[in-house]
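Peer 1: One structure is given below, represented as structure tokens, and several questions about it will come after.
The values are calculated or read from the model by the stated rules, or taken from the named source; none is laboratory data. Keep in mind it's a predicted model, so treat the numbers as computed, not measured. With ideal geometry, Cβ positions are generated from the backbone for all residues, glycine too; neighbour counts draw on all protein chains shown. Remember, those area values only see protein heavy atoms, side chains included, never the ligands or the DNA or RNA. Shrake-Rupley method; radii C 1.70, N 1.55, O 1.52, S 1.80 Å.
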Amino acid sequence: MPTIAIVGAGPQLGLAIARTYGTHGYDVALIARNRARLEDLAGELAAEGISAAAFPADVLDRAALTQALKDAAARFGGIDVLEYSPVGGLQTVMTTPAATEPADVQHEMDFQLYGAIAATRAVLPAMREVGAGTLLFTTGAGSVDPVPQVANVNAAAAALRNWVINLHKELDGTGVQAAHVAINVSIGTPAVPGFPTAQPEEISPVYWDLHTTRRDQAELVFSL
């Protein structure tokens, strides 16, 4: 069976993506920091008839992330799709452009861009060898149209977006697809009163579409 590895797997979008792929016959490798939560998600998927397993790793620990992806590939016989969408949570203090110090951006660069690069290096060689695979990377829509209140986060997300679109160009003709998904809504519950909100199940099908029918597309912005 084909396999999707979800880096940053959680109970909202990550779980919805797992269900979307799992219902199409994919094994699911769940990667995030908290083993107990991952085991709960794997159990929830198993109860729905989806094959899933937990591989705990922190994206800031490059060696651990690489090993988790290697373990997942060994467990399931390879990784056909990588989806990268970890959330930094409360570890980042949001800053405006004028108030931003280099250190304010560094953590997000480590978390978003450098983690994505490490994850890609762990799975891309095998994909290129067989001439097939999909690499999907998620950010907020501030990577495309930044807002002053979260300048440091947007800067790192924009760097990731740039790198993914460039990777898409490099991989053209190889059979491996790289694409960026920018989400221009709150997921599950409104982050800001009045801001558009979508449920994870409304968003996750775009990840399947990019893998199956939109393989020439480098970017998709999800909005309502």
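Peer 1: Check whether at least one residue in segment 164-180 is surrounded by fewer than 21 Cβ atoms within 10 Å (Cβ to Cβ), in a helix (DSSP H, G or I), in contact with a His (Cβ under 9 Å, 6 or more places away or on another chain) and not acidic (Asp, Glu), and report yes or no.
Peer 2: So far as segment 164-180 goes, yes, one or more of its residues are surrounded by fewer than 21 Cβ atoms within 10 Å (Cβ to Cβ), in a helix (DSSP H, G or I), in contact with a His (Cβ under 9 Å, 6 or more places away or on another chain) and not acidic (Asp, Glu).
Peer 1: Here's something else I'd like to know. Is it the case that segment 90-106 has a residue that's of a type in the set (Asp, Glu), within 22 Å of residue 17 (Cα to Cα) and not in a helix (DSSP H, G or I)?
Peer 2: no
Peer 1: Oh, and also: Checking residue 190 against (1) touching a helix residue (DSSP H, G or I) at 6+ places or on another chain (Cβ under 8 Å); (2) farther than 17 Å from residue 8 by Cβ, which single condition isn't satisfied?
Peer 2: Single failed check for residue 190: (1).
Peer 1: Continuing with the same structure: Which ones in segment 1-59 are of a type in the set (Val, Ile, Thr), open to solvent by 10 Å² or more (accessible area, probe 1.4 Å) and not in a loop (DSSP other than H, G, I, E, B)?
Peer 2: Scanning segment 1-59 gives a single hit, 20.
Peer 1: In addition: Any residue at all in segment 84-92 that is of a type in the set (A, V, I, L, M, F, W, C), over 25 Å from residue 25 (Cα atoms) and either open to solvent by 50 Å² or more (accessible area, probe 1.4 Å) or in contact with a Cys (Cβ under 8 Å, 6 or more places away or on another chain) (or both)?
Peer 2: For segment 84-92, residues of a type in the set (A, V, I, L, M, F, W, C), over 25 Å from residue 25 (Cα atoms) and either open to solvent by 50 Å² or more (accessible area, probe 1.4 Å) or in contact with a Cys (Cβ under 8 Å, 6 or more places away or on another chain) (or both): present.
Peer 1: Tell me yes or no: at least one residue of segment 93-110 is within 15 Å of residue 7 (Cβ to Cβ) and surrounded by 14 or more Cβ atoms within 10 Å (Cβ to Cβ).
Peer 2: Looking for residues that are within 15 Å of residue 7 (Cβ to Cβ) and surrounded by 14 or more Cβ atoms within 10 Å (Cβ to Cβ), one finds at least one in segment 93-110, hence yes.
Peer 1: Pairs under 8 Å by beta carbon, first residue part of a loop (DSSP other than H, G, I, E, B) and at pLDDT below 90 in segment 187-201, partner open to solvent by 80 Å² or more (accessible area, probe 1.4 Å) and not polar (S, T, N, Q), six or more apart or different chains?
Peer 2: Between residues of segment 187-201 that are part of a loop (DSSP other than H, G, I, E, B) and at pLDDT below 90 and residues that are open to solvent by 80 Å² or more (accessible area, probe 1.4 Å) and not polar (S, T, N, Q), the close pairs are 196/224.
Peer 1: Only one of these conditions is not met by residue 206: (1) closer than 26 Å to residue 20 by Cα; (2) open to solvent by 50 Å² or more (accessible area, probe 1.4 Å); (3) at pLDDT 95 or above; (4) not polar (S, T, N, Q). Which number is it?
Peer 2: Result: residue 206 passes all but (2).
Peer 1: Okay, moving on. Give the number of residues within segment 142-163 that are open to solvent by 10 Å² or more (accessible area, probe 1.4 Å) and within 19 Å of residue 119 (Cα to Cα).
Peer 2: Residues that pass the stated criteria total 5.
Peer 1: Considering only segment 60-89, how many residues are assigned to a helix (DSSP H, G or I), closer than 20 Å to residue 137 by Cβ and without any contact (Cβ under 8 Å) to a residue 24 or more places away in the chain?
Peer 2: Selection size over segment 60-89: 2.
Peer 1: Is there a residue being open to solvent by 10 Å² or more (accessible area, probe 1.4 Å), over 27 Å from residue 72 (Cα atoms) and touching a Pro at 6+ places or on another chain (Cβ under 7 Å) anywhere in segment 125-141?
Peer 2: Within segment 125-141, not a single residue is open to solvent by 10 Å² or more (accessible area, probe 1.4 Å), over 27 Å from residue 72 (Cα atoms) and touching a Pro at 6+ places or on another chain (Cβ under 7 Å).
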